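To start, the structure itself, in structure tokens.
All of the numbers you see were taken from the coordinates with simple rules; none came from a lab. Values in this document were obtained by computation on a predicted structure and should not be read as measured data. Neighbour counts are summed over all protein chains in view; Cβ atoms, including those assigned to glycine, are modelled from backbone coordinates with ideal geometry.
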Amino acid sequence: MKALFSKVSLFGIVCALFLAACVMPAANSGQAPASNAAQPAAAPSVINVYTDGDTNISDWFANIVKPAFEKKYPQYSVNFVTVRGVGEGTKTIADRALAAMKTNSDPQAEVLDFDALGYPEMIDAGLWQKLDETNVPNAKDVVKAARTTEFSMAYRGSQVLIAYDSTKVPENEVPKTFADLIKWIKAHPGQFAYCRPDKGGSGGNFVDRAIYEVTGKDPTIFKAGPVDPALISKFDDAWALLRDIHPAIYDNGSYPAGNNPSLQLLANGSVSMISAWSDQSMQALSKGVLPDTIKLYQFTDLPMPGGYAPLSVPKNAKNMQGALDFVNFMLSQEMQISVLKDIGGFPAVEWTTLPKDLQSQFTSVITDKVPTWPGGAWSAARDKGWYENVATNMKQGE
Amino acid sequence: MPCPYGSSSTLYPMTTQSISRTASRLRQTYSALLGYLMVLPPLLVMVFLIFLPALQAVVRTLFVKAQGATVPTLSLVNYTAFFGNSIARSNLWFTIWITLVTVAVLFVICFPLAIYLRFSSSWIANAVQMLSLFPLFVPGIILAFALIRFIGPHGTVDTILQLIGINRFSTPYLKPAGIIIGLVWEGIPFTVLVLTAGLRQVDNALIESARDVGASQWRVFRSILLPLVQRPAMIVFCLNIIGTFGAFTLPYLLGPAAPQMMGVYMQQTYGGYQDRTGAETQAVITFLFSAIVGILYVRTVTKQRAERR
């Protein structure tokens, strides 16, 4: 009996020790803001920045944006986190911030590479900080088309284009419209590839363009928020179209698992045409990863979608001033030039605010027509439909 | 467990018997406390990060809120939906098939290798041993991209074959064979390590005495090595099956868009389709399959412990 008692009490002591260990860091963190407020210059306050962008974007954030920002604002230190392929990417971090808001705790997130527009329920819940000229002065330069919601701030743009090998595809054969491309693919089996729509936007926006093709080429009918069942039912025509070219896709219908694997197939000559992101292919061309015989073009009828990538700031961000300063910094001329030069993206600010020589140098990518796919539930429906109807010919429930 | 106070009683030779009894009880209590303390962190991690979420997943997938109902009721609807979906079914069969083939190929490659490493002590054997461990130090994603360059279209293998006049190479990249090649490469170090360790436990005297009475190499293998290496082989088999079944990175980058292995399918259902319940159901099914093999593993290991006692 005594032995049992001592064992139980030992276990109790162990548990108490463990609990104490758990509570201690929490107590410390509670005191942290007070000491920070007293000595603002002592330790830089942390800004947690999250992205789920592809490697070119996360590398850029880590190696160029972070050092440049910390140099200009020594009072801050950026904790940059890549959540690509982790859960649902920055959506998961947004979910976490929402949960933190309900429990009144620190979301440990200041800036998210996330478009608030795709998830109206989060806007309704009051998660996002309004971003405009009053708290982000540089917002005055941002192009009007990029300001799709007041809860996110666009900082760069890009678009999906067709990249082709000019040594294999003569100038006069280059398809000018989506319908021409479909004809070209069928006439040249095995020479075209696009990646799986959920694994990379270059494939996703190609599929979006196929959906536009069968729904009257009007991107404006796809509105952010819940999906429209009547429109979703028309997706079947897009599946028929894509299933039709399936046997003529690279290696009898093999779809690479991402934007980079697609570029790789083009670079090593396995295919002569792919759908690709403008920024990724321009960066690859400037680095020599893609030979300069690779050319880019966009459809003349309706371009493939792309869009502006925005930053969002949760209202409960602990370091709100830091978050706003960071967003403002991203819209500065220095960073907008970096968007162009370092990642081959479109600036989010008006071209006229940038140096003249840059404007003429990049005329080929200057565009005002970038259809935007609403994402969110629309993408979920698109990916599911594509896997069930295009990647395989098995139907759900059979 | 070593006790740092082990020699304390000898320092005080004049103590009475009762005091020494108390001391030994204290020592026992101390070592018990130390034992609990050491076991506690991993136990808590297991309970809170593995068992509890797994249990929650099982419960959540089994209790479904019917339309209009306020309280969830026990229902197999999530599971009938999974097995009623031909894509889900084909992904599950595909995963089982890839797993079995991968483990079979691993045995075919690693068993002879382990036997060679057991009986040879030449410098070549040492080099082979090092080489077989090399994949252990290569992260999965690096391996995937290296393999794309090696076995992919216009890759190293393709180029070499073309040089010697074979130009009908069909790349395994984005095909089931691509996954198997990647997973086999990744599984070699562990398999060789455990099998070689198992073979090293076989007493040399046993083998020599068998040879002395005229047993052939084959006989030594069949009657001595094979029965004695059964347990490590079982361990390798179980752990490889569990590891392969849940593989993600290599099937993601090297495999086809359809069918997919369960790891990729789960990620896609959760992240792409935003269907949490569906992904959770797939996870529970994957977990159940692994648990069956896991029970086999635990039985093998506990039997070994019981015999050693």
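Just to be sure I understand the model, the point goes 7 Å from the Cα along the line to the Cβ. What's the resulting B:LEU136 to A:GLU334 distance in nm?
So the label points at B:LEU136 and A:GLU334 sit 4.8 nm apart.
How much of the calculated P(r) for segment B:104-198 lies past 23 Å, in percent of all Cα pairs?
Numbers: 1691 of 4465 pairs.
When every Cα pair of segment B:104-198 is considered, 38 percent fall beyond 23 Å.
Identify the residues of segment A:236-264 with backbone N under 20 Å of a label point that sits 7 angstrom from the Cα of B:ARG168 along the Cα-to-Cβ direction, or state none.
Under 20 Å, as judged by backbone N against the label point of B:ARG168, lie A:251-252 of segment A:236-264.
Alpha carbons only, please: Rg and Dmax for chain B, in angstrom.
Calculated on Cα positions, Rg and Dmax stand at 26.4, 92 Å.
Based on the alpha carbons, how large is the Rg to Rh ratio for segment B:149-223 when Rh follows Kirkwood? Spell out each step's value before the answer.
Values: Rg = 21.0 Å, Rh = 16.2 Å.
With Rg and the Kirkwood Rh in hand, the quotient comes to 1.30.
What relative contact order, as a whole-number percentage, does segment A:92-172 give when Cα pairs under 8 Å and 6 or more residues apart are counted? Each step should come with its number before you reach the end.
Numbers: 49 pairs, mean separation 18.3, N = 81.
In percent, rounded to a whole number, it is 23.
Counting other C-beta atoms within 10 Å, which of A:VAL313, B:VAL202, A:VAL370, A:VAL390 has the fewest, and how do the rest follow?
On the way: A:VAL313 29, B:VAL202 16, A:VAL370 21, A:VAL390 26.
Least to most surrounded, the residues fall as B:VAL202, A:VAL370, A:VAL390, A:VAL313.
Viscosity 0.890 mPa s, temperature 25 °C: Stokes-Einstein D of chain A from its Kirkwood Cα radius, in µm² per second? Don't jump to the answer; show the numbers that get you there.
Details: Rh = 23.2 Å.
Stokes-Einstein gives a translational diffusion coefficient of 106 µm²/s.
List the GluC sites (Glu not before Pro) within segment A:127-213 that DSSP assigns to loop and that have no more than 13 neighbouring Cβ atoms inside 10 Å. It would help to have the intermediate numbers written out before the result.
Numbers: sites: A:GLU133, A:GLU150, A:GLU171, A:GLU173, A:GLU213; in loops: A:GLU133, A:GLU150.
Within segment A:127-213, the qualifying GluC sites (Glu not before Pro) (loop, at most 13 other Cβ atoms within 10 Å) are A:GLU133.
Evaluate the distance, in nm, between pseudo-label points positioned 7 Å from the Cα of B:ILE292 and of A:ASP95 along their respective Cα→Cβ axes.
A separation of 3.0 nm, rounded to one decimal place.
In whole Å, what is the distance between the alpha-carbon centres of segment A:296-345 and segment B:137-189?
Here the answer is 38 Å between Cα centres.
Just to verify a number: FRET efficiency for A:SER77 and B:LEU55, C-beta to C-beta distance, R0 = 35 Å, to 0.05?
0.30
Pop a pseudo-label 7 angstrom from the Cα along the beta-carbon direction at both B:GLN304 and A:THR300 and give the gap in nm to one decimal.
7.2
Taking the Cα centre of chain B as the origin, how large is its charge dipole in debye, to the nearest 20, when only Lys and Arg (+1) and Asp and Glu (-1) carry charge on their Cβ atoms?
Values: 21 positive and 8 negative charges, 148 e Å.
The calculation lands at about 700 debye.
When every alpha-carbon pair in segment A:152-228 is counted, what percent end up more than 14 Å apart? Don't skip to the answer; put the middle values down first.
Values: 2109 of 2926 pairs.
For segment A:152-228, the fraction of Cα-Cα distances above 14 Å is 72 percent.
Under 15 Å from the Cβ of A:SER58, count the other residues' Cβ atoms, weight Lys and Arg +1, Asp and Glu -1, and hand me the total. Don't jump to the answer; show the numbers that get you there.
Details: positive: A:LYS66, A:ARG84, A:ARG156; negative: A:ASP52, A:ASP54, A:ASP59, A:ASP113, A:ASP279, A:ASP342.
Once positives and negatives cancel, what remains is -3.
How big is the charge dipole of the protein assembly as shown about its Cα centre, in debye rounded to the nearest 20, if each Lys and Arg gets +1 on its Cβ and each Asp and Glu gets -1 on its Cβ?
Details: 56 positive and 49 negative charges, 610 e Å.
Rounded to the nearest 20 debye, it is 2940 debye.
Counting other Cβ atoms within 10 Å, keep those with at most 12, restrict to DSSP loop, and tell me which trypsin sites (Lys or Arg not before Pro) in segment B:94-190 are left.
Details: sites: B:ARG118, B:ARG149, B:ARG168; in loops: B:ARG168.
Counting only loop positions with at most 12 other Cβ atoms within 10 Å, the trypsin sites (Lys or Arg not before Pro) in segment B:94-190 are B:ARG168.
Which net charge results when you count Lys and Arg as +1 and Asp and Glu as -1 among the other residues whose beta-carbon is under 11 Å from that of A:ARG209?
For residues surrounding A:ARG209, the net value is -2.
Would any residue of segment B:26-64 have its amide N under 20 Å from a label point 7 Å out along Cα→Cβ of B:THR80? List them or say none.
Residues B:58-64 fall inside that zone.
Compute the FRET efficiency between A:GLN108 and B:ASP203 as 1/(1 + (r/R0)^6), taking r as their Cβ-Cβ distance and R0 = 41 Å, and round to the nearest 0.05.
Values: r = 57 Å, r/R0 = 1.40.
Calculated value: 0.10.
Please state, as a whole number in µm²/s, the translational diffusion coefficient that the Stokes-Einstein equation yields for the protein assembly as shown at 20 °C and 1.002 mPa s, with Rh defined as the Kirkwood radius across alpha carbon pairs. Kindly include the intermediate steps, with their values, before the conclusion.
Working: Rh = 29.8 Å.
In µm²/s, the coefficient rounds to 72.
Kindly work out what percent of the DSSP beta bridges joining two residues of chain A are antiparallel, to the nearest 5. Spell out each step's value before the answer.
Working: 20 of 33 bridges.
The antiparallel proportion sits near 60 percent.
With charges only on Cβ, +1 for K and R and -1 for D and E, what is the dipole size of chain A about its Cα centre, in debye, rounded to 20? Don't skip to the answer; put the middle values down first.
Working: 35 positive and 41 negative charges, 172 e Å.
It comes to approximately 820 debye.
Between segment B:277-295 and segment B:27-75, what is the separation of their alpha carbon centroids in Å?
Each part reduced to its Cα centre gives a spacing of 16 Å.
Straight-line reach from A:LYS234: which aspartates and glutamates have Cα under 13 Å away, leaving out those fewer than 8 places along the same chain?
A:ASP208, A:GLU213
For B:CYS110, B:CYS238, which order do you get if you count the other beta carbons within 10 Å of each Cβ and list the fewest first?
Details: B:CYS110 26, B:CYS238 22.
Ordered from fewest to most neighbouring Cβ atoms within 10 Å, B:CYS110, B:CYS238 come out as B:CYS238, B:CYS110.
Given contacts defined as C-alpha pairs under 8 Å and at least six residues apart, what's the relative contact order of chain A, whole-number percent? All intermediate terms of the calculation are to be shown ahead of the outcome.
Working: 623 pairs, mean separation 95.9, N = 398.
24 percent.
Considering the options B:SER170, B:THR29, A:PHE61, tell which one lies farthest towards the positive end of the dipole of the protein assembly as shown, charges being +1 on Lys and Arg and -1 on Asp and Glu at the Cβ, about the Cα centre.
Selected residue: B:THR29.
Below 8 Å between Cα atoms, with a sequence gap of 6+, how large is the relative contact order for segment A:264-350 in percent?
About 32 percent, as a whole number.
Net charge within 15 Å of A:ASN104 by Cβ-Cβ distance, Lys/Arg positive one each and Asp/Glu negative one each, not counting A:ASN104 itself? Write out the running numbers ahead of the final one.
Working: positive: A:ARG96, A:LYS102, A:LYS315, A:LYS318; negative: A:ASP106.
Every neighbour counted, the sum reads +3.
Taking 0.36 nm per intervening residue step and subtracting the Cα-Cα distance, what contour gain separates B:ILE160 from B:LEU100 on full extension?
Numbers: separation 60, 0.36 × 60 = 21.60 nm, distance 3.05 nm.
Between B:ILE160 and B:LEU100, full extension yields an extra 18.5 nm.
If you count the DSSP beta bridges with both ends in the protein assembly as shown, what percent of them are antiparallel, to the nearest 5? Could the numbers behind the result be given before it?
Details: 22 of 35 bridges.
In the protein assembly as shown, DSSP labels about 65 percent of beta bridges as antiparallel.
So for segment B:21-152, Kirkwood radius off the Cα pairs, Stokes-Einstein at 25 °C and 0.890 mPa s: how many µm² s⁻¹?
Working: Rh = 21.7 Å.
Estimated diffusion coefficient is 113 µm²/s.
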